[in-house]
Amino acid sequence: MALEARIRSGQWGPGTRIPTEAGLCEEFGVSRITVQRALRDLADAGLIVRFRRRGSFVAQAIGRNNLLRFTGLLIQGPELPGDHRVVSARVLPASAARLRLPGVPGEEAVIQMERHKLNGDGEVAHTEVQVLPFRLAPDLLDQPLEPLTTHAYLRDRGVELVRARLYVEPHVLDEAQAELFGLAVGRPVFRWTRETWTRRGEIVELLEAIVPAGSERFYVETDLSGSAHHN
């Protein structure tokens, strides 16, 4: 996204006022709806702050991430900024997967995908393991896995996602994890676990992420004014 690139490159520094929606429409030759969606995504990612009647401004502290993106079933694009590195992706019995899908028989085939999320310097920001039933994602391994977002992939294939729950728990790094992050063994970090369900109450994805506490800040914001804009 061009606007995000301007912010992350420093072309637009903290406090810079973003051009008006009309100005962005004219510059990029797109509709107002497209511009509004782009600005909303930037706000959700913590890159800009928006004020009614004052406009939008580059956030003072880059690296704030809205946890609602991680569970947002209607959000297109990556839950968190950055590229993935695929460590492994394979089909195996549910009983052999690192994460066990509730209600899925042990002999049923599942897809297990392990990826590392990279920061802007190419270092590992957090690790991810995802397990999905093979019958719901038969061509997943044929997709470009580095940019893939599983929620978007499932929706595109007609899977009706209605609920996602994120658990945040304390976790200590083992030797392999500590070496990967360049941190001490036993360092306290976070373990995120996301469960995604269909309307019929069927689990369609289980994801575990190991997230060290660093320069990134994660938040949840609720709008109490009834407005669509967030400050």
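The values are calculated or read from the model by the stated rules, or taken from the named source; none is laboratory data. These figures come from a predicted structure and were not determined experimentally. Note that each Cβ is placed from the backbone with ideal geometry, even for glycine, and that neighbours are counted across all protein chains shown. Just so you know, the surface numbers come from the protein's heavy atoms only, side chains and all, with ligands and any DNA or RNA stripped out. Shrake-Rupley method; radii C 1.70, N 1.55, O 1.52, S 1.80 Å.
Tabulated values for the structure
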{"quantity": "Members of segment 98-109 found to be aliphatic (A, V, I, L, M), out of contact with any Asp or Glu (no Cβ under 8 Å at 6 or more places or on another chain) and more than 14 Å from Leu140 (Cβ to Cβ), listed by number", "calculated": "Leu101, Val104"}
{"quantity": "Some residue of segment 207-219 being closer than 18 Å to Val110 by Cα, at pLDDT 90 or above and in contact with a strand residue (DSSP E or B) (Cβ under 9 Å, 6 or more places away or on another chain)", "calculated": "yes"}
{"quantity": "Every residue from segment 1-37 that is within 19 Å of Arg54 (Cβ to Cβ), open to solvent by 50 Å² or more (accessible area, probe 1.4 Å) and part of a helix (DSSP H, G or I)", "calculated": "Ala22, Arg32, Gln36"}
{"quantity": "Filtered residue count, segment 86-115, keeping only those that are touching a residue at least 60 places away in the same chain (Cβ under 8 Å), out of contact with any helix residue (DSSP H, G or I) (no Cβ under 8 Å at 6 or more places or on another chain) and either crowded, with 18+ Cβ neighbours inside 10 Å or under 27 Å from Val220 (Cα atoms) (or both)", "calculated": "1"}
{"quantity": "Test: residue in segment 137-157 that is surrounded by fewer than 17 Cβ atoms within 10 Å (Cβ to Cβ), closer than 18 Å to Trp197 by Cβ and at pLDDT 95 or above", "calculated": "no"}
{"quantity": "Verdict on Leu224 being modelled with pLDDT of 90 or more and either under 25 Å from Asp41 (Cβ atoms) or charged (D, E, K, R) (or both)", "calculated": "no"}
{"quantity": "Extreme residue, least open to solvent (accessible area, probe 1.4 Å), among residues of segment 164-190 that are in contact (Cβ under 8 Å) with a residue 24 or more places away in the chain and among the charged types (D, E, K, R)", "calculated": "Glu169"}
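Table: residues versus (1) among the small types (Gly, Ala, Ser); (2) part of a loop (DSSP other than H, G, I, E, B); (3) more than 22 Å from Arg90 (Cα to Cα).
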| residue | (1), (2), (3) |
| --- | --- |
| Pro147 | no, yes, no |
| Ala152 | yes, no, no |
| Arg155 | no, no, no |
| Arg165 | no, no, yes |
| Glu179 | no, no, yes |
| Ala184 | yes, yes, yes |
| Arg191 | no, no, yes |
